[in-house]
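Asks: Starting off with a structure, shown below.
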Amino acid sequence: MKHPALFLWLCIAGLVFTACGPQQAPQQAETVYSNGTIYTVAAGPTVEAVATAGGKIIYAGSKAGLKKYIGAQTTQIDLQGMTMTPGFIETHGHLMGLGFNELNLDLSGIKNYDDMVAMVAEAVKTAGPGEWILGRGWHQSKWDKQPETIVKGFQTHDKLSAVSPDNPVFLRHASGHAGFANAKAMAIAGVNQLSVESLERDLEGGEIIRDAEGNPTGIFSERAQGVITRHIPANNEERNRKALELAIKACQRNGITSFHDAGVGQQTINRYQAFKDQGKLGVRLYVMVSGPDRELTKSWLERGPVIDTADHLLTVRAIKLNCDGALGNRGAWLLAAYSDMPGEFGMATLPMDYVLEIAKAGLQRGFQVCSHAIGDRANREVLNQYATAFNEYPAITNHRYRIEHAQHLHPDDIPRFAAMGVIPAMQAIHLSSDRPWAIDRLGEKRIKEGAYMWQSLLKTGARVINGTDVPVEPINPIASFYAAVTRKTLSGEPAGGYEPAEKMTRTQALRAYTLDAAYGEFAEGFKGSIEVGKAADFTVFSQDIMTVAEDKLLQTKVMMTILGGQIVYRQQ
């Protein structure tokens, strides 16, 4: 090199040109949002503006920094002071049940047994001869008056049968853990005083409730419901599709962009796949295979999970196990007897050796196991089975096994969730609906030390995720958010809330419906917060749910739902 100084100068000049020369222009946004309060659920709690393109977030920051992303084709949305959050995730619901609730009788608003009878009487007027009348949503513990005749805490079928002599009727309890049949339905199923014992022998975790003379009352608890439901004509596919369409629209109206479907069969999974293929699946689905169906579970374990890394619309990587019943029908499995029914402990609805078998198989085959457990004994037994499986496969740590509901816990079991890495998938709205009467079932001591223990679980390091268990409760996430931060009924009682030390903060409650909810399905890297590179899934509310006065919180409306950058719902 004859001129080393010149060479050095040229190198330096090249570096300067590279550093200071023309930079690549920012990607043009398809849509930008500004002029509202935007909660990120990320490192910076709020931003002024968001830009999206290709279904992803490409900018989240100040309004001033937004300008360079706006081009001639960019849609600019003025939030007009509204509040935007990451898209809300329903972490435990039943999507087809949500749809069918809009097609069948919705009994969630009835005040007593007479209201139920009146609704059925009206349905009989338009039903064809022999046509089944179906519904769901009644809850005897919430009624303003009790029926004249009660057996084991439930009404009897006489009044119902009187108004529907020629139409079989089956009405599911709000919890889904019991059903109520009229005389016509029981006659079709061959249920009578003489047949009950033989029918019950074939049950695995269920009861046909009888009166003192041995007559069936019409109440079928837990898996005994199958005695009736196997005789109900299957829905045709047209009706199934209609129910799914209605369910998707209901999600969108309520700001739900993702939905954890808690236990379905293969036909339902096939229907979801068909909707996805047709571009009609307007909500991201995380599906749990129905664990009590042993053949189905075996086939999925052999096949392995299906994880949708392309569209993130339909993932099947969890198995749902139903391990006990519900508190409403005294089916939740307890360590000590029910306070309002001595000698009754509830029941296990699956053998614990089967829970252990699936817990082990899930670790080996890459499936998350999600076990329904409401009572304190059910929760303890499931945690014990999980612990045995984890100890056998210690190298597998990112399992994220869940307990669905985790509603009533023994104090000794509360710290086990975080210690074991088990996720409590809880539904805060159940406190609002159940707490006024749950104290009768459990007594004051068990309620205060172990019921709806959100803050105690969070303090141990557990990730509590929220939902509604729709159609057990309406899908409205604002109601469940309100319950989480107030621990009140939806009528605002009592002042200060039930066991107020267990309230979530609003920040915790927002995470439970967004980022932690995404963690509950292994998707926190894709969604759940407003950060560059994540899915452009948003919910826009009419007011600031993080600051609005508590007594105004339930007035919040969903104004927009955005899925993958597309507005799928806008309130008119």
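The values are calculated or read from the model by the stated rules, or taken from the named source; none is laboratory data. Quick caveat, the model's predicted, so the values are computed rather than measured. Positions of Cβ are backbone-derived with ideal geometry, glycine not excepted, and every protein chain shown enters the neighbour counts.
Asks: Please identify the pairs in which a residue from region 308-328 that is on the phi > 0 side of the Ramachandran plot has its Cβ atom under 7 Å from the Cβ atom of a residue that is surrounded by 24 or more Cβ atoms within 10 Å (Cβ to Cβ), counting only partners at least 6 apart or on another chain.
Replies: HIS312/ARG284; HIS312/ALA535
Here is a yes/no grid of residues against (1) part of a strand (DSSP E or B); (2) farther than 30 Å from PRO147 by Cβ; (3) in the same structural domain as TYR401 (by TED's automatic domain parsing):
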| position | (1), (2), (3) |
| --- | --- |
| GLU200 | no, no, no |
| GLN225 | no, no, no |
| ARG239 | no, yes, no |
| LYS249 | no, yes, no |
| THR257 | yes, yes, no |
| ARG271 | no, yes, no |
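Asks: Quick check on my filter: what residues within region 31-44 are free of Cβ contacts under 8 Å to residues at least 60 places away in the same chain and either within 19 Å of THR514 (Cβ to Cβ) or touching a His at 6+ places or on another chain (Cβ under 7 Å) (or both)?
Replies: Result: ALA43, GLY44.
Asks: Another one. Look at ALA318 and say whether it is small (Gly, Ala, Ser), modelled with pLDDT of 95 or more and not in a helix (DSSP H, G or I).
Replies: Spelling it out, ALA318 is indeed small (Gly, Ala, Ser), modelled with pLDDT of 95 or more and not in a helix (DSSP H, G or I).
Asks: Still on this model: For PRO424, work out the one condition from (1) under 18 Å from the mean Cα position of the chain (by Cα); (2) under 22 Å from ARG172 (Cβ atoms) it doesn't fulfil.
Replies: (2)
Asks: Which one is modelled with the highest pLDDT among residues in region 323-374 that are in a loop (DSSP other than H, G, I, E, B) and among the hydroxyl-bearing types (Ser, Thr, Tyr)?
Replies: Only one residue fits best here, namely SER339.
Asks: Something else now. Is there a residue being assigned by TED's automatic domain parsing to the domain that holds GLN364, modelled with pLDDT of 95 or more, crowded, with 24+ Cβ neighbours inside 10 Å and not in a helix (DSSP H, G or I) anywhere in region 427-434?
Replies: yes
Asks: Does at least one position in region 393-409 carry a residue that is in a helix (DSSP H, G or I) and among the basic types (Lys, Arg)?
Replies: No: region 393-409 contains no residue that is in a helix (DSSP H, G or I) and among the basic types (Lys, Arg).
Asks: What number of residues within region 273-310 are assigned to a helix (DSSP H, G or I), charged (D, E, K, R) and within 22 Å of the chain's Cα centre (by Cα)?
Replies: Total satisfying the criteria: 1.
Asks: Next question. Has region 333-347 got at least one residue that is more than 18 Å from GLY443 (Cβ to Cβ) and surrounded by 24 or more Cβ atoms within 10 Å (Cβ to Cβ)?
Replies: No, region 333-347 contains no residue that is more than 18 Å from GLY443 (Cβ to Cβ) and surrounded by 24 or more Cβ atoms within 10 Å (Cβ to Cβ).
Asks: Right, something else. Just to be sure before I move on: is THR18 more than 30 Å from TYR272 (Cα to Cα), assigned to a strand (DSSP E or B) and either modelled with pLDDT under 95 or within 27 Å of the chain's Cα centre (by Cα) (or both) in the structure I sent?
Replies: Against the criterion (more than 30 Å from TYR272 (Cα to Cα), assigned to a strand (DSSP E or B) and either modelled with pLDDT under 95 or within 27 Å of the chain's Cα centre (by Cα) (or both)), THR18 does not qualify.
Asks: Looking only at region 372-426, count every residue that is closer than 16 Å to MET453 by Cα, in contact with a helix residue (DSSP H, G or I) (Cβ under 7 Å, 6 or more places away or on another chain) and surrounded by fewer than 16 Cβ atoms within 10 Å (Cβ to Cβ) and tell me the total.
Replies: The number of residues fulfilling the criteria is 1.
Asks: Only residues in region 83-106 that are over 16 Å from ARG284 (Cβ atoms) and at pLDDT below 95 count as the first member; pair them with residues that are in a strand (DSSP E or B) and of a type in the set (Val, Ile, Thr), Cβ under 9 angstrom, at least 6 apart or cross-chain, and list the lot.
Replies: ASN104/ILE133; LEU105/ILE133
Asks: Consider TYR569 against the criteria (1) of a type outside the set (A, V, I, L, M, F, W, C); (2) buried (at least 18 other Cβ atoms within 10 Å of the Cβ); (3) under 18 Å from TYR286 (Cα atoms): it satisfies all of them except one. Which criterion is unmet?
Replies: Answer for TYR569: the failing condition is (3).
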